[in-house]
Amino acid sequence: MSHTSPASFLVWAIMSILLGGFLVYHLWSFDRFRCLRWNDGPYSGAFKRVMTYSYLLSVPMIITYATGNAVIKYREGFIFFPPLGIIPKPYQLWDETSKSAILPLLLIFSIAWGLEMVSHLEELCFWYFLVNAGANQQSWFRSAAFKIWVVGSCIAVIYMPLVTAFSRADPLHSEAFTFLAGSLGSLCLTLWFIPILWTFPRFLKNLRQDGVDMATIIRLTKFFELNKIRIVFRCFFVIPLLILGIDGTTPHDHINESMFWTDLLAMLAGFGCVISSGITLVIFFPRSIEGEMATKDAARVQREMDPIATRSINGSFHAQMASSTKAETSHREYYSEREVLPESYSPRSASSPHGYRSNNFVPGQIRRLSGYTTDVGEDVYSKEGMSRDGHSPRALTNTPSQLPMMRPNRRVGEDIELGGIVGDPSGGAGFNRNGDMFGNGRMMTMGQIQRLTERNLSAHNNSEASVSMGERNPVQNFTSPLDFVYRTAEVNPTNTSRLTFSRP
């Protein structure tokens, strides 16, 4: 700490602040911060809350640690030490305010590092669980990988602050032991992740053979590439701090006495920490650029269509009113000439859908009737509808079209044969009156089709699901690790009917 220059902590502060800005921008673009809510949709639970809030808390803690040390370093400055020349001022010469901030800042950094290891361990256990997932894979919450994550996370968040607290008597040794304990834990997680990356290409190949959709394959391939990059920057993060920690716990400080090596290692650790945390953010909350563009296009089209729809509705309303007024005028003129207008005739009555009170037309009052039409705005009583003798009204009937025949469900042994609508043999597919199926104008024999029964339909649905989901592979439609663990708990391997009823 006191060996590094102010510039090294300035790099840490700038990089961590950039990470905080990227965090805000990414979460806003992801779902407008809805993922930060306590109850965030159907895939919300204790596990997702722990992972989300532990990661979000670690970022501002790193910003606080880096910014606080940068401010102290620049305020204390440098001194001239004859054996070594100009060096950063040792902490023994700091004022009391700066000295009192050493332990709190180091505790904040140790807690943040413990939360980082929670995320690192979850990624290790999750990807191990994923590459071993199969058609009969159990839920994540019942797997051994989940139990290992729970135990390891509890150890990480406890032992890191304890190491700092137990060695607080000497700030230099406290910093060295904190770096050593954290880097050893993170390095182990990083090295254990390499075998998973080694087997990941074979895992992707198996998914292609299982028939998993290409969108999931592409998404997992992207995560595979991101994980490879993240492993490299995790090494940049932990190895430099491991070197500084080991050198700080030995009697002879060979590296910590050199400003070049301490600054170089500290800056590399800062870059590795920030970039690996940024990649973790992208994996935990992956954005879908296609979905975002589709949403924006749909909103733009909706905004463009709203004024057009409003004008169309208004224009149609005014045209209908004008047509109705014209029809009423022609009706009144027509029946006034023939003296058949009823006494209680009301052209705009609410009791009739067309605005005419049909119950006031008494047969004795009407001498001539016309045809009947149901189109709004047309002449309800027209000259063309009059009978030749002028006295016989045309029957006001509305004969509906013939409905297709329905074939009922029938019990066939222990099974149920499903019925349906009898179609037209001229085209399409359906049943004729004898119960035989036809398609595209020709009869289809039972050798060409399978009887539509409840058992066959259930088998067909499960067969289609097996083909489309890669034998019910839970990796299908993979989106992110935080949502996937809840989807695995919803996989139901039982072979049940997908109908809306069931037999006892």
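FYI, it's all coordinate maths here, none of it is from the lab. Since we're looking at a predicted model, the values are computed, not measured. Neighbour counts run over all protein chains shown; Cβ positions are idealised from the backbone, glycine included.
Rounded to the nearest 0.05, what FRET efficiency do Ala165 and Tyr25 give with R0 = 30 Å and r taken as the Cβ-Cβ distance? Could you check?
So, using R0 = 30 Å, E works out to roughly 0.25.
Enumerate by residue number the trypsin sites (Lys or Arg not before Pro) in the stretch 1-87 meeting two conditions: DSSP loop (anything except H, G, I, E, B), and at most 14 other Cβ atoms within 10 Å of the site's Cβ.
Those satisfying the criteria are Arg32, Arg37.
Under a 5 Å amide H to amide H cut-off, with H placed in plane at 1.01 Å, what residues pair with Phe78 once short-range neighbours are removed?
Lys89
Given labels modelled 7 Å from the Cα in the Cβ direction, how far is it in nm from Ile87 to Leu56?
4.4 nm
Please give the FRET efficiency for Phe271 paired with Asp306, using the beta carbon to beta carbon distance and R0 = 56 Å, rounded to the nearest 0.05.
It comes out at approximately 0.70.
Order these by the 10 Å Cβ neighbour count, fewest first: Thr280, Thr64.
Ordered from fewest to most neighbouring Cβ atoms within 10 Å, Thr280, Thr64 come out as Thr64, Thr280.
Work out, step by step, the length gained on full extension between Val71 and Lys296: first 0.36 nm times the residue separation, then minus their alpha carbon distance; give nm to one decimal.
76.7 nm
Which cross-chain or sequence-distant (5 or more) residues have an amide H under 5 Å from the amide H of Asn409, H modelled 1.01 Å from N in plane?
Those lying under 5 Å, H to H, from Asn409 are Gly419.
When the Karplus curve 6.51 cos²θ - 1.76 cosθ + 1.60 is applied with θ = phi - 60°, which whole-Hz ³J(HN,Hα) does each residue of the stretch 87-93 get, with x for Gly and Pro?
Karplus values, whole Hz, x for Gly and Pro: 9, x, 4, x, 5, 5, 9.
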